[in-house]
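Report on one structure; see the data block that follows.
Coordinate-derived values only; no laboratory data. Computed from a prediction, not measured in an experiment: that's the story for all the values here. Cβ sites come from the backbone with ideal geometry, for glycine too, and all protein chains shown count toward neighbours.
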Amino acid sequence: MSALRKDTGVSAFSHDSEDTVGGFKSMPEIVLSVAGQLPFSRKSSDVTSLTGQEYQEANVGQVKRDIDLPVYVPRSHSPKPSVQVKNEWEGYVVDVGAETFTARLVDKTRCDEHEDEEADFPIADVSDDDKKLLKPGGVFRWIIGYQKLPGGSRRRFSQVVFRQLPQWTEKELVKAEEEAKEISSKIQWL
Amino acid sequence: MALTAPLDTELEVTLLGPGLGECQLIHLGAGNWVVVDSCIDSHTSQPAAIAYLERIGVDPRKAVKLVVATHWHDDHIRGLSEVLECCSDARFCCSVALCESEFVAAVLKYEGQKNVAGGPGVREIRNIYKILEERSSVFPPIKALADRVVYQVPEEMSGHGRVCRVWTLSPSDEQLEKFYVELTNLMPSVKETKRRAVPQDPNHVSIATLVEVGEHSILLGGDLEETGNPLTGWSMIVSSQARPQVKSSVFKIPHHGSENAHCDDVWATMLEDNPLAILTPYNRGVKKRPSQDDVARISYFTENGYSTAQIKVAKTKKKRERDVEKMINDVVGKIRAVSVGTGMIRLRRNMSDLESNWDVELFDGACDLSKACL
């Protein structure tokens, strides 16, 4: 199963497998493809294919065979590059300081609806491309989880990705101004 | 302490907060209530004003006669549309700046975004406009300006034989000009990336309110700041000859005790000696208010300072897996809860007894100001 979410730049949700981390059942794996910020990219498959010749050369001292058959050797550790998201928030910036910015957070992992939490993020964690979006009102996703490295080891990662929201159009702004005039005309102020 | 409704002859000032902001209720006498600003009660998730009135057995639909929005910051406006909706006999009063079609247009531009919520402040204002559209022919809303009476209870209806008047002391024309400049910064333009609306300091158009009850008065500072400019902020109010030249015995300290809202002349000319000074702390963000210095400054002017809560980092109550907590800690330190427990300061004074003074009651974590900073 997969889905594409343009707003966060997070693509290709995969619900094909689950993992267990630290004794907890993990969330579904996802593969990130945020431009310029990838923890990795998907490049190889779970199964590596070797020719018979290659297999023979890799097994010096073993009994040589005349026939040249393909041999499939499953890897003990999957090199598949992926990350396992442990928690995800939507945030919006309320204040930008010299080294940190403060944001209100909605915990999407818990399916919360209200921004009832707040935290201070290092500005250094924001990519150069996203810095132009770092201003009060800017909306972002914050994802933390584990990144699987080739060879099977893992490391923790955190990623702040600002949403590339659409732009206001003239039509939208004109519509709002017309509606505002209509509302103002209906309210009789003293 | 029992939570009962005040006597008809009792004047009451109740300050609730922080929860998600602050709210003041004033009982003028004979069941006439005024609500200034709104916050969400952390215990009931209701607007704190409604929760309080119901708790003391008062029907807000009939009792509340005026709802004042001092300004549109999130921490003063949460739940205000619900308060107005519930208080069906109440008039609404807000800064003249928020009545202009330019501001209405800004609200609609943010609230109308399909891809992102405009923000709670914008949502509240949009809902208030909807209510006013239906109600304004019966209860026309009132524009708050400097030195304007926005509500009055005649002496025969006050329960204690004194005329009650609610004055707005700001904004001034100069403050409005500054706000319109800021509004152009807030106003989105074509091809600008959409975002949420976040109102910024300074609070030029916040309303300061004076409640006059016979010879007594109460000064509610909203979030109005001091600029040093005689045409704006507290300096403008102090120098005004059009406001009642009275000294108040109760002061709701503006802007959570912040130094940028302090004005020596307010204490010297608009307040009695050693007045009751009450505030809600601002527990969020990097700048917590009041600071130790703020507390020391306020304590220099009065020994009767109170806070609805202690100033502390509000830890989130959400439980997460241990490794998630560790990762959070590595990146941002602790996640804070935006809402902390709502405390309450209640002041009552029996107006039928000339010798009486204010009774101070503290509820749900409210404390002496000297104990507010841990």
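For this structure, a couple of remarks:
- Each eigenvalue of the Cα gyration tensor of chain B, multiplied by 5 and square-rooted, gives one semi-axis; in descending order these are 30, 25, 22 Å.
- Here B:Lys319 is the anchor, and the aspartates and glutamates within straight C-alpha reach of less than 13 Å, apart from those fewer than 8 places off in the same chain, are A:Asp107, A:Glu117.
- P(r) of the range B:189-267 over all Cα-Cα pairs, binned every 10 Å from zero, in whole percent: 17, 45, 20, 11, 6, 1
- Column: log10 I(q)/I(0), Debye, Cα scatterers of the range B:55-115, q = 0.23, 0.25, 0.29 Å⁻¹: -1.04, -1.13, -1.24
- The residues neighbouring B:Pro188, those whose beta-carbon lies less than 10 Å from its own, together hold a net charge of +2 under the Lys/Arg +1, Asp/Glu -1 convention.
- Spherically averaged projected area of the convex hull of Cα atoms, the range A:82-162: 5.7 nm².
- Exposure rule at most 11 other beta-carbon atoms within 10 Å, DSSP loop trypsin sites (Lys or Arg not before Pro): chain B longest free segment: B:192-316
- Rounded to 5, the percent of DSSP beta bridges in the range B:34-158 classed as antiparallel: 10
- Label-to-label distance for A:Leu149 and B:Ala242 is 7.1 nm, based on points extended 7 Å past Cα in the beta-carbon direction.
- Three-way shape label, the range B:264-314, alpha-carbon gyration tensor, a/c 1.5: prolate
- Gaussian network model of chain B, springs between alpha carbon atoms under 10 Å - residue of B:Trp234, B:Trp358, B:Trp33 with greatest fluctuation: B:Trp358
- Phi angles across the range B:314-322 convert, under the Karplus curve 6.51 cos²θ - 1.76 cosθ + 1.60 with θ = phi - 60°, into 3J(HN,Hα) values of 8, 6, 5, 8, 6, 8, 10, 4, 4 Hz, Gly and Pro given as x.
- Residues B:Val163 and B:His43, FRET efficiency given R0 of 51 Å [Cβ-Cβ distance, rounded to 0.05]: 0.90
- Residue pairs, from the table A:Lys132/B:Lys194; A:Lys131/B:Lys317; B:Lys288/B:Lys315; A:Lys148/B:Lys326; B:Lys288/B:Lys317, whose Cα atoms sit over 24 Å apart: A:Lys131/B:Lys317
- Length added when fully stretched, B:Ala268-B:Lys312, from 0.36 nm per residue minus Cα-Cα: 12.7 nm
- Table column - 3J(HN,Hα) (Hz), the range B:102-111, Karplus curve with 6.51, -1.76, 1.60, x for Gly and Pro: 5, 6, 4, 4, 4, 4, 5, 5, 6, 6
- Only DSSP H runs of four or more residues enter the estimate; each adds -39500 (n - 2.57), and after division by the residues of chain B the mean residue ellipticity at 222 nm equals -7500 deg cm²/dmol.
- A Förster radius of 35 Å, combined with the Cβ-Cβ distance separating A:Trp189 from B:Glu361, puts the computed FRET efficiency at roughly 0.40.
- Over all pairs of different C-alpha atoms in the range B:230-294, the reciprocal of the mean inverse distance, the Kirkwood hydrodynamic radius, equals 12.9 Å.
- Calculated FRET efficiency, A:Ala124 to B:Glu321, Cβ-Cβ distance, R0 = 30 Å: about 0.70 to the nearest 0.05.
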